[in-house]
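The values are calculated or read from the model by the stated rules, or taken from the named source; none is laboratory data. Remember, it's a predicted structure, so these values are computed and weren't measured experimentally. Cβ sites come from the backbone with ideal geometry, for glycine too, and all protein chains shown count toward neighbours. Areas reflect the complete protein model, heavy atoms only, side chains present, ligands, DNA and RNA absent. Shrake-Rupley method; radii C 1.70, N 1.55, O 1.52, S 1.80 Å.
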Amino acid sequence: MIPYGKQDINQADIDAVVAVLTSDFLTQGPMVPKFEQTVASHVGADHALAVNSATSALHIACLALGLKHGDWLWTTPVTFVASANCGLYCGSKIDFVDIDPQTYNLCPMALKAKLELAKKENRLPKVVVAVHLCGQPCDMKAIGALATEYGFKVIEDASHAIGGKYQGEFIGNCRYSDITVFSFHPVKIVTTAEGGMALTNDAALAEKMNLLRSHGITRDPALMTSEPDGPWYYQQVDLGFNYRMTELQAALGVSQVDRLDAFVARRHELAKRYDELLATLPVTIPWQHPDSYSGLHLYVIRLQLNKISKLHRQVFESLREQGIGVNLHYIPVHTQPYYQAMGFEAEDFPEAMVYYREAISIPMYQGLTDDQQDQVVSALRHALAGGED
Ligand SMILES: *Cc1c(COP(=O)(O)O)cnc(C)c1O
């Protein structure tokens, strides 16, 4: 089976992890800050907080921005559930903004229209989570301008987008957002097995997230409510969690980031090849905004169902039967039973539903060879062909 995504681990990665195993610290040592500095300086952010997953990073990002019971968090329906669940963890209410049919990202025009209405009804969002689907950045400039106009905070869920650029600058520099989040799950671009990171240019937000990732406990007298009792003293000043990343993960992360730019460059080579090889097939290939350099976590094709005699499901099944580990990113979050119970209807977000009925993620990862890619394309050609097979 050729998977849709796969980690790339080399001997340097293995050596880096093994070295930690025989060192003094398995957790809370020097590698986590080193990893944070490596990523922060690579992408151009002032502060970085490594945690045990992007889901945890989204949670503490929402808390640091003051999201609480009764507030609203808005995001796109075409994302992993974690982009919305982080609001529920804080007791907030969730709503969605439909996607742009060309980029598949949250549509800034739909956002503006929804904000105008929400302002009249006095239910403006406190936080908007902008997800860079497949690695292609959202229209952050437009979203940033709306944030200023309507007074909401912006989190970039860049789980797909590390190594990508928006208007010539690395995603993660938070130019148009308060906090950016990366995921290091093995299917993503660089991995720490499990892991995530929150980046910000705001020192107060960084300090708050630093507390929240480790029980809300501090050893810094400046953050305490009274003088320390003695050198053993720590205070719990907030209700935090254990969301810490281990030293093993951080060492793997430092080693992986060495190859980040090469990984993304290889993904671009593969995307260009797919673009050419698929040009004559009845599928819509990903559109790339000229302002952006995608991280290319995913390569999503959309079936032109009016031009083929097969169903979406049949094409998907045929690919799986032919050993191609295709996937679908994503089942729109508002159609999940947990969200349906809140009253969402599938057709509340029609562009997301049209996308869902046509999309298939085909293999895209740095280790994919040209030969394997040719295999994917011929399997797709076969799957799309009319008649029974
Ligand atoms: C993978 C992913 C997450 C969650 O990442 P974890 O590190 O697995 O918690 C969140 N949002 C998006 C868009 C993702 O793709």
- Task: Quickly estimate the mean residue ellipticity at 222 nm for the chain, helices only: each DSSP H run with n ≥ 4 gives -39500 (n - 2.57), and the total goes over all residues, rounded to 500.
- Result: -11000 deg cm²/dmol
- Message: Please enumerate, by chain and number, the aspartates and glutamates with C-alpha under 17 Å from the C-alpha of Lys153, excluding those fewer than 8 residues away in the same chain.
- Response: Asp71, Asp95, Glu116, Asp139, Asp178, Asp202
- Task: Could you tell me the accessible area of Leu252 in Å² (1.4 Å probe, neighbours in place), rounded to the nearest ten?
- Result: 20 Å²
- Message: Looking at the calculated P(r) for the chain, what percent of the C-alpha pair distances fall above 40 Å?
- Response: 17 percent
- Message: Could you tell me the center-to-center distance, by alpha carbons, between segment 308-368 and segment 11-32 in angstrom?
- Response: 39 Å
- Choose one answer from Phe35, Phe96, Phe344: the residue with the largest mean-square fluctuation in a GNM of the chain with alpha-carbon springs under 10 Å. Phe344
- Item | For segment 248-255, Karplus couplings with θ = phi - 60° (6.51, -1.76, 1.60), whole Hz, Gly/Pro x | 4, 5, 5, 5, 4, x, 4, 5
- Computed over segment 1-135: relative contact order in percent, which uses C-alpha pairs under 8 Å that are six or more apart: 20 percent
- Item | Among Gln249, Ser83, Val187 - extreme Cα towards positive end, dipole of the chain, charges at beta-carbon | Ser83
- Largest fluctuation, Pro77, Pro137, Pro186 only, Gaussian network model of the chain with Cα springs under 10 angstrom, belongs to Pro186
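Compute the relative contact order of the chain as a whole-number percentage, counting only Cα pairs closer than 8 Å that sit 6 or more residues apart in sequence. Each step should come with its number before you reach the end.
On the way: 815 pairs, mean separation 88.9, N = 389.
Computed value for the chain: 23 percent relative contact order.
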- Over segment 277-389, what percent of the accessible surface lies on carbon and sulfur atoms, probe 1.4 Å? 52 percent
- Message: Just want the answer: with Cβ charges of +1 for Lys and Arg and -1 for Asp and Glu, which residue in Pro137, His160, Asn105 is farthest toward the dipole's positive end in segment 80-229?
- Response: Asn105
- Item | Accessible area of Lys126 in the full protein assembly, 1.4 Å probe (Å², nearest 10) | 60 Å²
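Taking the Cα centre as origin and putting +1 on Lys and Arg beta-carbons and -1 on Asp and Glu beta-carbons, what dipole magnitude results for the chain, to the nearest 20 debye? Please list the in-between numbers first.
Values: 31 positive and 44 negative charges, 110 e Å.
The calculation lands at about 520 debye.
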- Hey, for a label at Asp275 modelled as a point 7 Å past Cα toward Cβ, could you say which residues of segment 293-332 have their backbone N under 18 Å away? 293-302
- Message: Give me the 1.4 Å probe accessible area per residue for segment 197-288, excluding ligands and nucleic acids, in Å².
- Response: 50 Å²
- Between Gln11 and Ala265, Cβ-based FRET efficiency (R0 22 Å, step 0.05) works out to 0.55
- Task: Would you tally the net charge around Thr335, using a Cβ to Cβ cut-off of less than 12 Å, leaving Thr335 out, and scoring K and R as +1, D and E as -1?
- Result: -2
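On a 1.4 Å probe surface of the protein chains, which of Arg244, Arg381 comes out largest in accessible area, and what is the full order?
Reading off the accessible areas and sorting them downward yields Arg381, Arg244.
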- Message: Please report the net charge: other residues with Cβ closer than 12 Å to the Cβ of Gln235, K and R +1, D and E -1.
- Response: -3
- Mind checking the log10 I(q)/I(0) for segment 89-132 at q = 0.24, 0.33 Å⁻¹? Debye, one equal scatterer per Cα, no solvent, two decimals. -0.91, -1.24
- Could you please state how large a percent of the accessible area of segment 2-257 is carbon and sulfur, counting protein chains only and using a 1.4 Å probe? 55 percent
- Sequence of Ser23, Ser292 when ordered by accessible area, the most exposed leading, probe 1.4 angstrom: Ser23, Ser292
- Item | Relative contact order [Cα under 8 Å, 6+ residues apart], segment 260-384, whole percent | 35 percent
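Using only the Cα atoms of segment 263-389, build the gyration tensor, take square roots of its eigenvalues as a ≥ b ≥ c, and label the shape rounded, prolate or oblate: rounded if a/c is under 1.5, else prolate if a/b is larger than b/c, else oblate.
oblate
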- Query: When the solvent-accessible surface of protein heavy atoms is calculated with a 1.4 angstrom probe, in what order do Val300, Val354 fall, highest first?
  - Reply: Val354, Val300
- Thr225 accessible area, assembled protein chains, probe 1.4 Å, Å²: 120 Å²
- Could you tell me, in Å, what Rg and Dmax come out for the Cα atoms of segment 75-177? 12.9, 39
- Among the listed pairs Lys68/Lys126; Lys93/Lys188; Lys141/Lys272, those beyond 18 Å (Cα-Cα): Lys93/Lys188; Lys141/Lys272
